[in-house]
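The values are calculated or read from the model by the stated rules, or taken from the named source; none is laboratory data. What you see is a predicted model, and the numbers here were worked out from it, not measured in a lab. Every residue, glycine as well, gets a Cβ built from its backbone with ideal geometry; the counts of neighbours run over all protein chains shown. Protein only, heavy atoms only, side chains kept; ligands, DNA and RNA dropped before computing areas. Shrake-Rupley method; radii C 1.70, N 1.55, O 1.52, S 1.80 Å.
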Amino acid sequence: STELDGSGIGIAIVDSGIKSDHRSFVGIAGRSRITAVTAFNNNGGNAESDQYGHGTHVSSLAAGSDGANLNIEDGTWLENRKGVAPAANIINVRVLDDQGVGTSAQVINAIDWLYAKRAQYNIRVVNMSLGTPAVETWRNDPLCRAVRKLTAAGIVVVAAAGNNGKTASGQKIYGAIHAPGNDPSVITVGAANTFGTDARNDDGVTTYSSRGPTRSYYTDAEGVKRFDHLIKPDLVAPGNLLTGAYSRGSRIGRENPELRIDNGANVSRQLMYMSGTSMATPIVSGTAALLLQANPKLTPNMVKMVLQYSAQRLAGFN
C-alpha cells in the first residue's frame, strides 16, 4: 500500500540553479522540498534564481510534484506533469552561470561538497546533466576521479551522454560521450524519442544523442594512444520534448519562446518543453531514487544493474 515516490531520498541537482519558488518544488504540506542550496559558479549568482533555466527544468523532471495538497490551482496545472520521484528531497548545487557555462574545477568543488554533506542531507543520487569533452582516460581525468569518490561512498551518479550524436550536416558521430559520462562507475544516459505515445514499439534513439564507445585515452611509454573504448551510454530514457518547470525570465525561455507552454498558468506554475540528454538524465535519476526508497541497501552498481537488466531493447538500435 506504500507508493514509491522518492520520500526521504536526497537527489542533488548539479546544474544552473533552481527557481525555488516554482510550485513543482513544494511538498504536500506546502513546504519547499529543496533542503539545501549552495553555489560554485563563476559570477556568484543566486542558486535560487536560475537565470539560465536549465536546472529548474531538469529538477522538475527528476522530482517535480503537483504542489501543495488540496491546492486546486497547483493541481490544475501540475498534476499531470509530475517528475519521476515527486516526494524526493532536492539538493540545489549551482555550478553553471547565467549563460549555462561552468568549469571542471567548479564541478569538482561541488562534488567535494556533496561528499562532505552526503549523510546530513541523505544524498543518494547526484544528477549531472552537463559534461565536457572526454579527452583523458577515465582513470586519470580529474572529473571522473571526483565522481568515483561519490560512487565509492554509495551515491548513484547519473550523467548525460551529451548531444553530439551528429554533425551539422546530419552525419552520425561515434565516440562523443562526455566526461564524467565516460567513467564506468557512472550511469550514462542517452536520449530516446517516444514520439508522444505511451507505447514503446515506436520509440527510437534521438539523432543528437551522443554515441559510444568512449574515446578518452592515455599515451603509453611507447607513445601509442590507448583508447578506453567503453560501451556507453548505459541506458537511454525519454529526452525529447519533455514538459518541465519554466524558470521565469530565464535565458532559454526568452530566446526560445516557442518552447514555453501557454496554458494560462501563472508564473510560479508555468511549464516549457526542452530536449536533450540533459532531460533524459533526470528521468533515470528519479528512477534510481525510487529503487533506493524500495531498498536503501542497493549500491550504485546494483542500481545500475537493475536498471540495465530491466530495460527494454529498442528495435533497430545497436
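Its alpha carbons give the chain an Rg and a Dmax of 18.6, 69 Å. Packing, taken as the mean count of other beta carbons within 10 Å per residue, orders the peptides 284-297, 168-181 from highest to lowest as 284-297, 168-181. Here the alpha carbons of the range 160-235 define both size measures, Rg and Dmax, at 14.6, 53 Å. Between Met128, Met279, Met302, the GNM of the chain built on Cα springs shorter than 10 angstrom shows Met302 fluctuating the most. Of all beta bridges that DSSP places with both ends in the chain, some 35 percent have antiparallel geometry. Amide H contacts of Val205: Asn193, each under 5 Å away and 5 or more positions distant or on a separate chain (H built 1.01 Å from N in the peptide plane; Pro and chain starts excluded).
Viscosity 0.692 mPa s, temperature 37 °C: give me the Stokes-Einstein translational D for the range 126-269 in µm²/s, with Rh taken as the Kirkwood radius over C-alpha pairs. Numbers along the way, then the final one.
Details: Rh = 17.0 Å.
Using the Kirkwood radius from Cα pairs, D works out to 193 µm²/s.
With 21 Å as the limit on Cα-Cα distance, the pairs of Lys166/Lys232; Lys19/Lys82; Lys117/Lys232 that go past it are Lys117/Lys232.
The phi torsions of the range 291-299, fed into the Karplus equation with coefficients 6.51, -1.76 and 1.60 and a -60° offset, translate into couplings of 4, 6, 5, 5, 8, x, 7, 5, 8 Hz, rounded to whole numbers, with Gly and Pro shown as x. Of Thr151, Thr103, Thr206, the residue with the greatest mean-square motion in the GNM of the chain, using alpha carbon springs below 10 Å, is Thr103. Please work out the C-alpha center-to-center distance from the range 1-33 to the range 93-129 and express it in whole Å. Taking the Cα centre of the range 93-129 as reference, the centre of the range 1-33 is 17 Å away. In a simple Cβ point-charge model (Lys, Arg +1; Asp, Glu -1; nothing else charged), the chain has a dipole of about 560 debye relative to its Cα centre. By accessible area, using a 1.4 Å probe on protein heavy atoms only, the chain has 50% of its surface on carbon and sulfur.
Could you grab the Rg to Rh ratio for the range 95-147? Cα atoms only, Kirkwood for Rh.
Expressed as Rg/Rh, it is 0.99.
Scalar couplings 3J(HN,Hα) for the range 23-33, obtained by applying the Karplus form with A = 6.51, B = -1.76, C = 1.60 to θ = phi - 60°, are 5, 5, 9, 9, x, 5, 8, x, 9, 5, 8 Hz; x denotes Gly and Pro. The range 4-50 has equivalent-ellipsoid semi-axes of 22, 13, 8 Å, by the square roots of 5 times the alpha carbon gyration tensor eigenvalues, sorted largest first.
Using 0.36 nm times the number of residues separating Lys225 and Asp262, minus their current alpha carbon distance, what extension gain do you get? Intermediate values should be presented prior to the final figure.
Working: separation 37, 0.36 × 37 = 13.32 nm, distance 5.20 nm.
Computed gain between Lys225 and Asp262 is 8.1 nm.
Look at the dipole of the range 162-213 built from charges on Cβ: of Val189, Gly204, Gly170, the Cα furthest out on the positive end belongs to Gly170. Evaluating 6.51 cos²θ - 1.76 cosθ + 1.60 at θ = phi - 60° for every residue in the range 162-179, the Karplus couplings come out as x, 10, 10, x, 8, 7, 4, 8, x, 6, 5, 10, 10, x, 10, 5, 7, 7 Hz, glycine and proline recorded as x. Would you kindly calculate the translational diffusion coefficient of the range 188-318, applying Stokes-Einstein with the Kirkwood radius from alpha carbon pairs, for 10 °C and a viscosity of 1.306 mPa s, and quote it in µm² s⁻¹ without decimals? Rounded to a whole number, D works out at 92 µm²/s.
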